[in-house]
């Protein structure tokens, strides 16, 4: 349930409502917007809060039909902006994150970082720990990769994002990365979600390959319920009957998530298609559908990549894609200004 406070509500009015929520055994979460505040009550039945309609400072009490309360558009009237350094997700421009699937060496990472920055990317991605389907595939360089990401960030100024796979690695990865990624396989790793809900770092939450939009948003709810409001959603493709692509990029689901939630939503055309020849049209389509940004895999020599070479662009191809996105990015900027 959402308790919408009036513009004229005082801090005493707000505190009285929050105390009432606690009295009935629920947990209050307050969102302060422009000119007004919304108190969301979660954790059980809200029937006892109907009387708050007549409490001082309360404008309205709204029952929410969706099981996700804090990520809902009802919980926050304006769209959330998530900052990673100077990079803003959900702002006036689409954000592009680019880099290799796996960090393989200093030279590979630095070469890629310089090229993607020159082409217009705002952040650098790189896997340190890689969840692979086969136990015999390259699993990443681990701590050494984290050190390389940190070093290249210092040299290029690009904020870095890398995936966290288990709770034991959170503290270490936080020392090196500016943003933590929850991969598709871990979208419903609830122990991990609870821990990441308590950190002071932005989180990118990828949609699971067999997850519904509702399940995706409920995973995000874990993060917000833990106190971390700096969450970005990422549509990375779902499993369908299609065999010519690795996954099917669900732009309808991405748009639905963006309409149901105030959180920024970006798209991953690399995993969403699994084919480098489809990254350009998929990227353009994602931005046209309202994506707040893209995350694209780039490698200096994809044919020699230790992971995901088939869906990685080389440096020249990435520059070409970015050049083709200049108009869609301006278009999505205007769309965001209207719909925010």
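The values are calculated or read from the model by the stated rules, or taken from the named source; none is laboratory data. What you see is a predicted model, and the numbers here were worked out from it, not measured in a lab. Here the Cβ is made from the backbone with ideal geometry for all residues, glycine too, and neighbour counts use every protein chain on show.
Worth a mention:
- Some residue of segment 117-125 being at pLDDT 95 or above, over 20 Å from the mean Cα position of the chain (by Cα) and closer than 18 Å to residue 178 by Cβ: yes
Let's see how each residue does on (1) closer than 21 Å to residue 161 by Cα; (2) modelled with pLDDT of 95 or more; (3) buried (at least 19 other Cβ atoms within 10 Å of the Cβ):
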{"residue": "223", "(1), (2), (3)": "yes, yes, yes"}
{"residue": "227", "(1), (2), (3)": "yes, no, no"}
{"residue": "236", "(1), (2), (3)": "yes, yes, yes"}
{"residue": "248", "(1), (2), (3)": "no, yes, no"}
{"residue": "288", "(1), (2), (3)": "no, no, no"}
{"residue": "296", "(1), (2), (3)": "yes, yes, yes"}
{"residue": "299", "(1), (2), (3)": "yes, yes, yes"}
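- Qualifying residue in segment 62-85 (condition: over 24 Å from the mean Cα position of the chain (by Cα) and over 30 Å from residue 148 (Cα atoms)): yes
- In the set 208, 274, 197, only one residue is buried (at least 17 other Cβ atoms within 10 Å of the Cβ) and either at positive phi or without any contact (Cβ under 8 Å) to a residue 24 or more places away in the chain (or both); that residue is 274.
- Residues that are touching a residue at least 24 places away in the same chain (Cβ under 8 Å) and either surrounded by fewer than 24 Cβ atoms within 10 Å (Cβ to Cβ) or not in a helix (DSSP H, G or I) (or both), drawn from segment 107-116: 108, 110, 111, 114, 115
- Yes/no for residue 281 being at pLDDT 95 or above, surrounded by fewer than 21 Cβ atoms within 10 Å (Cβ to Cβ) and farther than 22 Å from residue 207 by Cβ: no
- Total residues in segment 1-35, condition outside any helix (DSSP H, G or I) and over 17 Å from residue 70 (Cβ atoms): 9
- Taking the numbered list (1) over 23 Å from residue 317 (Cα atoms); (2) touching a residue at least 40 places away in the same chain (Cβ under 8 Å); (3) crowded, with 19+ Cβ neighbours inside 10 Å in turn, residue 182 passes all entries but (2).
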